Amino acid sequence: MTTGWQKFTLTLTAAGNDPNARFVLSTTSSGILWFDVVSLFPPTFNNRENGLRPELAQLLADMNPKFMRFPGGCFIEGDYLANRFQWKKTIGKIEERPGHYNLWAYRTSDGMGYHEFLQLSEDIGAEPLYVANVGLAHNDNQPYTALSDYIQDVMDALEYANGAVTTTYGAMRAANGHPEPFNIKYLEIGNENYFGDNYGNRYIQFYNAIKAKYPTMQCIGNVAAWGTDNPTWTFTHPVELLDEHYYRSPQWFINQYNKYDTYSRTGPKIYAGEYAVTSGCGYGNQIAALGEAVYMAGMEKNSDVVTMNSYAPIFVNVDDRKWNPDMIAYNASSVYCTPSYYVQKLFATNIGTVNIPIKDSLNQKINPITGSVGLGTWSTKADYSTLSVKNSQGTTLFSEPFASAANWSAKSGTWSVAGGVYSQTSTATDCRSIALPVFTDSVYTYSVKARKVSGAEGFLIVFGYKDSNNFYWWNLGGWGNTQHAIEQCVDGSKTAVVTASGSITTNVWYDIRIEVSKKQVLCYLNDVLIHTLNNSATSLLYTSASLDEQSKQLFIKVINPAGSDINSTIKLNGLSTGKIGGSAIVLASASGLDENTLSEPTKIVPVTTNLDSMDSDLNYTFKANSVTILKMNTGNPNSVPAIKKKDEFLTVYPNPGKNFVSVKGDGPEVISVELRNLIGQTVLSRKIRSGNKINISALKSGVYIVAARQGKNSSLIQMIKE
């Protein structure tokens, strides 16, 4: 030992296994010794120096991920900029990395640094997606007019990943053991920074600098990550993908099954960069996984718009939970996966190359809006009087003259009765009082008079009340007295389902009427119709399907989030053979509240069974609380037709093609042709005349999307490159 720092390494071979074993450094004599960077590593995944626990990293690899987003979300920002992720401080010798305090309330050594993230992406076969800080932290920021150092830092990071060994940072990468480029193709400009200081002005500076040197880089922009279920890109700046984040209830995700059906097919692509059920989920239960699976099926059937998605977060040490839930849970010696992990894995490893349309029939139900009625306010004092509920025949089900409050249960706020008026006098948010009668009629009219006394907003008229987390209310004068909306609350998560501009005037009595029927809700203010809400049918089963055009394997995903089995018949149109073989993979549990744990790590896992000699009409029982994947070997390239637009007039031939293909159009007008890979990236672009050849010999074998436009007409065509 000397008075200077020395590095010591050795290999220990254990004589046995003990999950409670400790690593001890001891001396044989007295004195003062200083230790730093004490690190004990087992064998690592792919034997990488400073690598990962093999069983944990293998779980990632088993998902067959197409990309990996790193180094994280809020982790890149920090509470203050001084604590942001700074990639240059996370490479090189571990003992020379300073580490930093992070938002999850501990200090990280940054042993898992920029290089290690890039190496992990490569090792699991995933494209690296780097998230860059744009000069914004949670509690401070760099002025948007002085971002040159931050922009240069991103350019240096790209040079480290992509640059030749003759460049400054490419040489540094080579010195760290990886002379070949990592080839980053995706870069996100900021994390959840849409509401941050001058995000638009920050974004375009980074975008312009990146595109000037890396013109094919796919740049990802931030949209609102909270406060709305329908975030949009409000800037005029160019952007390839938009990152949407959703942490909601199981029912919210189920309700989003058709969310992307109406998204523009000509705007930026969508990247669902962070999503997970975070309420009603335990530590990661089955109903959470089912909600996510329905949402994923909706994304999959709209994969021309939603080209990328990633669950978050992934790992948690069960002895130090900072977030709930996470997909993979571990301690020092054991690991288990939540049902959400298995859903992610099943979706990623059972996917075709082209979507197949599914036509549902007898697969829907209408949920009547029944329950109690109520009254409320939000940061407002208000009076209510003359309340009644009548059925479709005009018979009074409930009449309240407010002689007393005996028929009411005040949940929050300060409520009192005087002179036939029910008053709420607190200025707190979310003050509610619910009438005691429960109405089972699905058709009724709810009427009440209301007056705003003072405050920031207007009235909350509650109906269809099941419990404190499941109800509707008509929010009059909400959002700072700027708009009216019907909001639906499911499992504690509220969504504005229909809105209109409007405000409420102080000291004016209003006549409020809500007419509820089986198929719609009509809301009137002073006899003027403000809202029409269609009570749309919901699905019993949620589906998506795709075909692998080379193996001719058909994948049908079916989610049953209900607590009872559902029997259904699947008719496969276009099959040229009467019998087909296949298998069913089922992730199911008796209760949606069931979870895996360290003591029961395989309580909920996928189970595979064979389906031999199936007819083209398959009768199948989908278990309660289940995700089912039917894998069918159609065995005929023409068995199942791919989706094509009804007005498609452009054709690609030959298809499959090897060296050259042609596009046949309508007339002599120039055809603009783009060939895109399955994640939406343009790999070839040409302008040709009908019948002219396009050289595709340089493309890798696989499936591509041909986007062709001639005049006002356009087509999307699946093409196989042999």
From the square roots a ≥ b ≥ c of the eigenvalues of the alpha-carbon gyration tensor of region 372-534, which class results: rounded (a/c under 1.5), prolate (a/b over b/c), or oblate?
-> rounded
If R0 is 45 Å, what FRET efficiency do you get for ASN331 and SER409 from their C-beta distance, rounded to 0.05?
-> 0.50
One finds the C-alpha centres of region 655-671 and region 215-238 to be spaced, in Å, by 34 Å
Extension length gain for ALA698 and ALA212 (0.36 nm per residue less Cα distance), in nm, is 172.5 nm
For n ≥ 4 DSSP H runs only, could you compute -39500 (n - 2.57) per run for the chain, divide by its residues and tell me the 222 nm figure to the nearest 500?
-> -4000 deg cm²/dmol
Could you calculate the FRET efficiency of THR395 with PHE195 from 1/(1 + (r/R0)^6), where r is the beta carbon distance between them and R0 is 60 Å, rounded to 0.05?
-> 0.75
So what's the gap between the Cα centers of region 124-146 and region 470-495, to the nearest angstrom?
-> 34 Å
Proximal aspartates and glutamates to LYS345, defined as alpha-carbon separation beneath 12 angstrom and excluding residues fewer than eight positions away on the same chain | ASP62
Would you mind classifying region 1-139 by shape? Square roots of the alpha carbon gyration tensor eigenvalues, ordered a ≥ b ≥ c; an a/c under 1.5 is rounded, otherwise it is prolate if a/b is larger than b/c and oblate if not.
-> oblate
Segments 497-507, 454-464, 475-485 sorted - mean Cβ within 10 Å per residue, highest first | 454-464, 475-485, 497-507
Short version: ³J(HN,Hα) in whole Hz for each residue of region 181-191, in order, from phi by Karplus 6.51 cos²θ - 1.76 cosθ + 1.60 (θ = phi - 60°), x for Gly and Pro, what are they?
-> x, 7, 6, 5, 10, 10, 9, 9, 9, x, 10
Could you list HIS245, HIS178 in order of exposure, starting from the residue whose Cβ has the fewest other Cβ atoms within 10 Å?
-> HIS178, HIS245
Which of LEU675, LEU572 comes first, and how do the rest follow, when ranked by fewest Cβ neighbours within 10 Å?
-> LEU572, LEU675
Counted charge near ASN139, where neighbours are those whose Cβ lies closer than 15 Å (Asp, Glu -1; Lys, Arg +1) | -4
Taking the Cα centre of the chain as origin, sum charge times position over the Cβ atoms of Lys and Arg (+1) and Asp and Glu (-1), and report the length of that vector in debye to the nearest 20.
-> 1600 debye
Each residue of region 73-88 in order: what ³J(HN,Hα) in whole Hz does its phi give by Karplus 6.51 cos²θ - 1.76 cosθ + 1.60, θ = phi - 60°, with x for Gly and Pro?
-> x, 4, 4, 6, 8, x, 5, 10, 4, 4, 9, 6, 6, 10, 4, 5
For the residue pair THR506 and SER551, what label-to-label distance in nm results when each label sits 7 Å from Cα along the Cα-to-beta-carbon direction?
-> 6.8 nm
By how many nm would the segment from ASN619 to GLU180 grow when fully extended, if each residue of separation counts as 0.36 nm and the alpha-carbon distance is taken off?
-> 152.8 nm
With the contact rule set at Cα under 8 Å and sequence spacing of 6 or more, what percent relative contact order holds for region 156-266?
-> 18 percent
What is the gain in length, in nm to one decimal, between THR28 and VAL607 on full extension, counting 0.36 nm per residue of separation less the C-alpha to C-alpha distance?
-> 202.8 nm
Which residues' amide hydrogens lie under 5 Å from the amide hydrogen of GLY502, considering only partners 5 or more residues apart or on another chain, with H built in the peptide plane?
-> GLN483, HIS484
Could you give the C-alpha radius of gyration of region 341-449 expressed as a fraction of 2.2 N^0.38 Å, taking N as the number of residues it contains?
-> 1.71
Once you've got the Cα coordinates, tell me which of LYS552/LYS623; LYS185/LYS712; LYS381/LYS411; LYS359/LYS700; LYS66/LYS687; LYS552/LYS658 are over 25 Å apart.
-> LYS552/LYS623; LYS185/LYS712; LYS359/LYS700; LYS66/LYS687
Those trypsin sites (Lys or Arg not before Pro) in region 312-413 that DSSP places in a loop and that have at most 13 other beta carbons within 10 Å | ARG321, LYS322, LYS359
Rounded if a/c is under 1.5, else prolate if a/b beats b/c, else oblate: with a ≥ b ≥ c from the C-alpha gyration tensor eigenvalues square-rooted, which is region 544-633?
-> prolate
With label points built 7 Å along Cα→Cβ from the Cα atoms of THR278 and VAL37, find their separation and express it in nm.
-> 3.5 nm
Sorted by mean Cβ packing within 10 Å, highest first, what order do the peptides 595-603, 623-631 take?
-> 623-631, 595-603
Straight-distance crosslink candidates among aspartates and glutamates, where the alpha carbon sits under 18 Å from LYS693 and sequence neighbours closer than 8 are dropped = ASP666, GLU669, GLU674, GLU722
Scoring only Lys, Arg, Asp and Glu (+1, +1, -1, -1) among other residues with Cβ under 11 Å from the Cβ of LEU684 yields +2
How much net charge surrounds PRO325 when only the other residues with a Cβ under 11 Å from the Cβ of PRO325 are counted, with Lys and Arg +1 and Asp and Glu -1?
-> -2
Quick numbers on the chain, Rg and Dmax over C-alpha atoms in Å, give 29.6, 96
Highest-first arrangement of 26-36, 519-529, 83-93, where packing means the average Cβ count within 10 Å | 83-93, 519-529, 26-36
Taking H placed 1.01 Å from N in the peptide plane, check which residues at least 5 places from VAL131 or on another chain put their amide H under 5 Å from its amide H.
-> PHE70, GLY72, GLU188
HN-Hα J in Hz across region 697-707 - Karplus 6.51, -1.76, 1.60, θ = phi - 60°, x for Gly and Pro = 5, 7, 7, 6, 5, x, 9, 10, 9, 9, 9
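Every number in this text was worked out from the coordinates using simple rules, so none of it is lab data. Computed from a predicted structure; not experimentally measured. Virtual Cβ from ideal backbone geometry, glycine too; neighbours counted across all protein chains shown.
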